[in-house]
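Only one structure is covered here, and it is reproduced in the block below.
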Protein chains: 4
Amino acid sequence: MIRVGIVGGTGYTGVELLRLLAAHADAEVVLITSRAEAGRRVDDLFPNLRGHYDLAFVEPEVDALADCDVVFFATPHNVAMHMVPQLMERETRVIDLSADYRIRDPLLWSQWYGEPHASPQFLDAAVYGLPEVNRARIADAKLIACPGCYPTSVQLGLVPLLEEGLVDSQRLIASSASGVSGAGRQAKVDNLVSEASDSFKAYGVAGHRHLPEIEQGLSDVAAQPVQLTFVPHLLPMIRGIHSTLFAQLQAPAGDIQALFERRYAQEPFVDVLPAGTYPQTRTVRGANRCQIAVTLPQQRNTVVVTATIDNLVKGASGQAIQNMNIMFGLPEVAGLNQVGLLP
Amino acid sequence: MIRVGIVGGTGYTGVELLRLLAAHADAEVVLITSRAEAGRRVDDLFPNLRGHYDLAFVEPEVDALADCDVVFFATPHNVAMHMVPQLMERETRVIDLSADYRIRDPLLWSQWYGEPHASPQFLDAAVYGLPEVNRARIADAKLIACPGCYPTSVQLGLVPLLEEGLVDSQRLIASSASGVSGAGRQAKVDNLVSEASDSFKAYGVAGHRHLPEIEQGLSDVAAQPVQLTFVPHLLPMIRGIHSTLFAQLQAPAGDIQALFERRYAQEPFVDVLPAGTYPQTRTVRGANRCQIAVTLPQQRNTVVVTATIDNLVKGASGQAIQNMNIMFGLPEVAGLNQVGLLP
Amino acid sequence: MIRVGIVGGTGYTGVELLRLLAAHADAEVVLITSRAEAGRRVDDLFPNLRGHYDLAFVEPEVDALADCDVVFFATPHNVAMHMVPQLMERETRVIDLSADYRIRDPLLWSQWYGEPHASPQFLDAAVYGLPEVNRARIADAKLIACPGCYPTSVQLGLVPLLEEGLVDSQRLIASSASGVSGAGRQAKVDNLVSEASDSFKAYGVAGHRHLPEIEQGLSDVAAQPVQLTFVPHLLPMIRGIHSTLFAQLQAPAGDIQALFERRYAQEPFVDVLPAGTYPQTRTVRGANRCQIAVTLPQQRNTVVVTATIDNLVKGASGQAIQNMNIMFGLPEVAGLNQVGLLP
Amino acid sequence: MIRVGIVGGTGYTGVELLRLLAAHADAEVVLITSRAEAGRRVDDLFPNLRGHYDLAFVEPEVDALADCDVVFFATPHNVAMHMVPQLMERETRVIDLSADYRIRDPLLWSQWYGEPHASPQFLDAAVYGLPEVNRARIADAKLIACPGCYPTSVQLGLVPLLEEGLVDSQRLIASSASGVSGAGRQAKVDNLVSEASDSFKAYGVAGHRHLPEIEQGLSDVAAQPVQLTFVPHLLPMIRGIHSTLFAQLQAPAGDIQALFERRYAQEPFVDVLPAGTYPQTRTVRGANRCQIAVTLPQQRNTVVVTATIDNLVKGASGQAIQNMNIMFGLPEVAGLNQVGLLP
């Protein structure tokens, strides 16, 4: 039984880790921290967990965390990078759901996150936890940087095209949309029901923090620097990310449907839909899955890929557990076979 | 392994049975019928099931159904009552999620459903599948009439008060609200997003078909005829029922919080919340659970009970599986320990 | 041209006053205050107002406000009661949308609002601004206490029954539901999209601040103290209140449909629906209107009234303008004939 | 007073015409047709109209329609093209909100709409009713083809760039999203609350009927054939279209913010937002307005334009009335100055 600790358990990725791990036969949450809610029962804050956990939040203490087999950071950025060095020293494995170790270049990180990185010495050792690209390295990792939610959907949608060199890597476009849970559980006016539940908007058009992360990941795959125009949007719903990706063919396309099916044939959590059907966020709601479709409209030169995930599952907590399974030699699907909640 | 057949698999209770049974270690769906979609793969209609089922819809045939250990009817009313006699003859157990066998009096049934009952000879044998009241009889039943969604929430909320004779059984009031999935998957203008997704209304105020069902169940418990004013409402969301129940005390209340906690202490799927907290539909979303709170506002004479369920789970498919577990001697919670999807 | 000042213009009742007054031929907003946003253009905060107003928020200053013909307080409670004395001294008329002057008994007010009233000397002079009951007094008022949103819908629904003495005034029940905009524009976790946009719950069951206000108003009409059990609920949508009201007949009902139609025949903003149809929140969205239906289910003794308003219009800013029209001798419907936004 | 007839008044563009025309001082709806609802009062079907109209639906009869000053077709495609010839003969002006006369080439129309055009002889005379491009021709038109909802937002967003020849006209991309009301009031499973209210998806990726319309309009402006990749999406809400447009600079951009502001400076219904702010669908809800922002992310070569409209107003009924105003020499803003309903 893997003994799991969770730092920052009061946010949505925290409660989602708890929901998913409740169904995991080989892992047990033994510790969950929150400075703000220390002492409060977890199921008092999240009544959906009543009967499933007998835990209360505690203050984060390195000793107790180091005693776990693995520690998940379900925190905003700027937390993990301060605690990870101590845990690495104690040889406790860490799966960081935040952005702290996603970007290898500390200067680039600083530029987008507005402060120096607190533990740049671990950036090289951190493995970017996108199993469909990095599975082998994940198995041996001590420190996993889980991909962001948008980056997961964008990369899984573009990787097959870039690996084959089929498209112009300098003119990639991602028009993505996320449910509001992606913004976290902080009290902000912009995310109130009355502000965001009956509207749609782009935001961060001039520059979003997920841009350098996506470009780094795609550049690795393309083996050359790529340029992406990334426009995120806010959807009037809770869960789900949908990415609509546009790429310019620079070689004859061949059978791109077959290409995608072949690329992901062995992937348990990437599902290429039959030609002519398109993914919806609701068909992956609550499930650790990415559904993808690829189209060449009007048989012209612009390939369109649409990809959906649940931002809290394949975009965060589910993918984190997928990484844990790989790290600990478990079947990759352990605890992650939930069927999407439809309707 | 219990071999399960499902009649009418294209509606929401059908796909929900499939979702839940995918996680049930002791049951396997071997057959699913639909006249309209015969030949179509189940996961083509419901892409959330891709990878979980390798089934196509078939025409309903008694022989094939009779070969199952249990048949669920996930149909509108007026279907099961025509097929059940043949299945009873073949000694196939039936769990009917529709209204056909819920009301024992065939005349009363006819009055509310607008046609004669097609197999009234089975009304007496049918057991009303509310485990918290009828567990013993369910274990031996050949034919289960699963409670309606509203009736489940209203009865679980009022049973403790009526069993103790604490309240006036002639002036009960239920103000209930349901998500739109309760109206099924039929194409109706009233249930379009543009009609119902940003509005709230009462309907069926003059008389709703769940009224006689609830009054029958409560009268059994009260051991006298009860009178209920039942007003259902349509919520601008998909899943969830919330019932707000009002009853007039006719005896000193004593500690009604303790009464509710005691009544449901051994029930795995009824959760009495701590005093001062109130159930939400979202904390039971996707879970086979009823959460209940009881209050005596201003210490006056009107008791208020609020109760929530997911109408498709504890209000339909989950409760149906709970009945199956009891009928087949399995642990009652088998396959039903999903955590509610929050947020 | 009536010169209007608005105190507290950054909340939802503030922006709604601006929306409605933009269409009012005889009133002009000359001043709008906000401590937090002083200096910011109104249409920067609320881009729907671009092109309609050329105003910036200013600090609240009594002199400037006193220079207006009428000042609306679109503030939380506990603001108006500190500023009104100075405005009354300057003979500036005030229409307070907050709760400060709604309850005549200062001790009762203190008990529910948790602090002493700051200007109890004006409680008697304040006129409760429910035109359908108090029209004559409103015309002469210097200070209007606009009814709360729930209280408007509950009172309009019960007044005809209580005026005629038809129902038991000691066992009234209101099961009401409100869109989230009723909770204001403050950043609170409970009102985030991810918390409240796909759920339904009761709250404040043990006691809500609108209870004493409603009981006071209904007692005036019934000419005796009434007792109400009031349970508010939070709807997963932005605008709209729906009240479902239950009353026990204590006299033969007669034709209650005709009673309601007669009572409101001359009211421009109360619309009694034809028998057998029920109001929806969406048919009054954005309109200054209360739609009402009355039913006697199963011809028993419990009358059910359902009533809908837009909480920001007839439940707040629209009603405030209706009061202004009466106070200034304008046609009561001036600027208030917007058609509800459907779909 | 302009005497208005409406053909097909039971859909959403029909009720929206009624809502808007109720506030129009110079126009009066004298006739509204529906085969299915003939004889039924308009305000019985749409209770938001109670008190605003005293009309019932009638069968469509050419004589009665010809007696109007102008007839709006608020019908699906394939209706107007059969009736318009008779109305043209009688010199009744027609504003067609459907697609029948939007595409000048009858073969292209047939290819996308799957049937021959019934009155191709009027295609040349029909004026495409996008006032911001065609104002002069609209003034003299007998027959207006109102733009589709997506096409309005896409064209208004790209016109300034194409007029200046700034961008590559062969690689234009539009990622658009619409509320469900765009799909009309027909009973379709796909548009039920339970299917579409908590999800997001692309559809029609391989080819949507608005593509040839947009390409025709943009080609006119660019004075050369353009190629657009157009991907529409379905939003989980009722009203609103948001288009995210991508274009590749082929010349130095200069000050594109100033370009957009200059282009639309005199347009009453196109609002270019300040740099750094982005339009939301909610800020144009219910208003005849297009809000636009333009950005050059990372100072690279891809221009991003975001544009929002209410699909039922500037995308349909409001724009139709704007056309009417121009045709009849009224101020273009007559009856169209509603403030967007926010929140």
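Given +1 at the Cβ of Lys and Arg, -1 at the Cβ of Asp and Glu and no other charges, the dipole of the protein assembly as shown around its Cα centre is 0 debye to the nearest 20.
Label the stretch B:122-188 by shape, choosing from rounded, prolate and oblate, from the square roots a ≥ b ≥ c of the eigenvalues of the Cα gyration tensor; if a/c is under 1.5 it is rounded, and otherwise prolate applies when a/b is larger than b/c, oblate when it is not.
Numbers: a/c = 2.49, a/b = 1.05, b/c = 2.38.
Oblate, because a/c is 1.5 or more while a/b does not exceed b/c.
Relative contact order of the stretch C:2-125, taken over Cα pairs closer than 8 Å and 6 or more residues apart, is 23 percent. Exposure proxy for A:Asp105, C:Asp255: other Cβ atoms within 10 Å of each Cβ, ordered fewest to most, give C:Asp255, A:Asp105.
Label points for C:Val333 are taken 7 Å from Cα along Cα→Cβ. From this copy to the others they lie 2.5, 6.2, 6.6 nm apart, shortest first. Taken along its principal axes, the alpha carbon cloud of the stretch B:149-311 reaches lengths of 48, 31, 29 Å, longest axis first. Backbone amide hydrogens, once placed in the peptide plane, bring B:Thr229 within less than 5 Å of B:Leu172, B:Ile173, B:Ala174, excluding anything fewer than 5 places away on its chain. DSSP beta bridges fully contained in chain D are about 45 percent antiparallel. Based on Cα contacts under 8 Å between residues 6+ apart, chain C shows a relative contact order of 17 percent. Cβ crowding within 10 Å ranks B:Leu296, C:Leu341, B:Leu312 as B:Leu296, C:Leu341, B:Leu312, fewest other Cβ atoms first. In nanometres and ascending order, the distances from the D:Ala251 label point to those of the other copies are 3.6, 8.3, 9.0 (point 7 Å from Cα along Cα→Cβ).
Report, for the protein assembly as shown, the % of DSSP beta bridges that are antiparallel, rounded to 5.
If we restrict to bridges inside the protein assembly as shown, about 45 percent are antiparallel.
With each label modelled as a point 7 angstrom along the Cα→C-beta vector, the A:Asp26-A:Ala139 pair spans 1.3 nm. Across chain D, what fraction of all alpha-carbon pairs, as a whole percent, falls in each successive 20 Å bin from zero upward? Whole-percent P(r) values from 0 Å outward: 32, 60, 9, 0. In this structure, the residue pairs whose Cα-Cα separation is over 20 Å, taken from B:Lys314/C:Lys188; A:Lys201/D:Lys201; C:Lys188/D:Lys201; B:Lys201/C:Lys314; B:Lys188/D:Lys314; A:Lys314/D:Lys201, are B:Lys314/C:Lys188; C:Lys188/D:Lys201; B:Lys188/D:Lys314. Counting only alpha carbon atoms, the long axis of helix C:80-89 and the longest principal axis of chain C meet at about 70°. Counting Cα-Cα pairs of the stretch C:233-343 in 10 Å increments starting at 0 gives whole-percent bin shares of 14, 40, 31, 14, 1. Helical runs assigned H by DSSP (4 residues or longer) give chain C a calculated mean residue ellipticity at 222 nm of -8000 deg cm²/dmol, each run adding -39500 (n - 2.57) before division by the residue total.
Amide hydrogen proximity for C:Arg93: with H placed 1.01 Å from N in the peptide plane, the residues at 5 or more positions away or on another chain lying under 5 Å are C:Val71.
Label-point distances for A:Asp140 to the equivalent site in the other copies, using a point 7 angstrom along Cα→C-beta, read 6.6, 7.9, 9.2 nm when ranked shortest first.
Measuring from each Cβ of chain B to the axis carrying B onto C, the nearest residue and its distance in whole Å come out as B:Ser175, 2. Note that the protein assembly as shown, at 37 °C in a medium of 0.692 mPa s, gets a Stokes-Einstein diffusion coefficient of 100 µm²/s from its Kirkwood radius over C-alpha pairs.
Under 8 Å for C-alpha pairs, at least 6 residues apart: give me the relative contact order for the stretch B:140-293, rounded to a whole percent.
32
Each label was represented as a point 7 Å from its Cα along the Cα-to-Cβ direction; for C:Ala275 and C:Ala66 these points are 5.9 nm apart.
Can you give me the Kirkwood hydrodynamic radius for the stretch A:2-125, using every pair of distinct Cα atoms, in Å to one decimal? Let's see the in-between values first.
On the way: mean 1/r = 0.0668 Å⁻¹.
This gives a value of 15.0 Å.
Quick note: the coordinates plus some simple rules give every number you see, no bench work behind them. Just so it is clear, the structure is predicted and the values come from calculations on it, not from any experiment. FYI the Cβ positions are ideal-geometry reconstructions off the backbone, even for glycines, and counts take in every protein chain you see.
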